[in-house]
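*Asks:* My questions will all concern the structure given below.
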Amino acid sequence: MHKHINTLPLVGHSRWKQIEPFVGMCRESWRQRCLAGLAPPPIQLSARCTVWMNSEVHLYLSDPVQYGKARAALRDAPKLRLHGTFHSPLIR
């Protein structure tokens with residue numbers, strides 16, 4: 001298993017023990033924030049392995065108060081219809 005390091009990688013995925021030093025709350029509080037959409041959603045790889053996208057964790061850490069609002073704005077943004085398919089305006 002990875003030992004704790006002083007930085008969180010910008011890309012990839014991390015497990016709870018890797019992000020715990022950076023989020024500043026207990027695992028249950030983090031889980032509740034994730035469920036409420038106020039923190040990055042977890043990705044469950046198996047019954048016993050859950051990870052978070054490092055890029056999403058960095059977005060959260062840059063402004064925890066606005067993170068949920070920004071995610072909601074992206075979710076509620078109108079979709080563009082191009083050639084019969086729907087695309088988010090922020091995804092290329």
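The values are calculated or read from the model by the stated rules, or taken from the named source; none is laboratory data. As the structure is a computational prediction, the values presented were derived from the model and not from experiment. Positions of Cβ are generated from backbone atoms using ideal geometry, with glycine treated the same way; all protein chains shown enter the neighbour counts.
*Asks:* Within region 13-41, track down each residue that is surrounded by 14 or more Cβ atoms within 10 Å (Cβ to Cβ) and of a type in the set (Asp, Glu).
*Replies:* GLU20, the sole residue that qualifies.
*Asks:* To continue, here is another question. What's the number of the only condition in (1) in a strand (DSSP E or B); (2) surrounded by 11 or more Cβ atoms within 10 Å (Cβ to Cβ); (3) not aliphatic (A, V, I, L, M) that GLN44 fails to meet?
*Replies:* Unmet condition: (2).
*Asks:* Any idea which of ARG71, ARG31, ARG75 is modelled with pLDDT of 95 or more and outside any strand (DSSP E or B)? So that I can check it myself, show each step before the final result.
*Replies:* Values: ARG71 fails: modelled with pLDDT of 95 or more; ARG75 fails: modelled with pLDDT of 95 or more.
On inspection, the qualifying residue turns out to be ARG31.
*Asks:* Cβ-Cβ distance below 7 Å, separation of 6 or more or different chains: which pairs start in region 64-77 with a residue that is farther than 15 Å from PRO41 by Cβ and end on one that is surrounded by 12 or more Cβ atoms within 10 Å (Cβ to Cβ)?
*Replies:* Between residues of region 64-77 that are farther than 15 Å from PRO41 by Cβ and residues that are surrounded by 12 or more Cβ atoms within 10 Å (Cβ to Cβ), the close pairs are ALA77/SER88.
*Asks:* Give all pairs with beta carbons closer than 8 Å in which a residue from region 6-22 that is under 12 Å from LEU61 (Cβ atoms) meets a residue that is loosely packed, with under 11 Cβ neighbours inside 10 Å and modelled with pLDDT under 95; count only pairs at least 6 apart in sequence or on separate chains.
*Replies:* Qualifying pairs under 8 Å: PRO21/HIS4.
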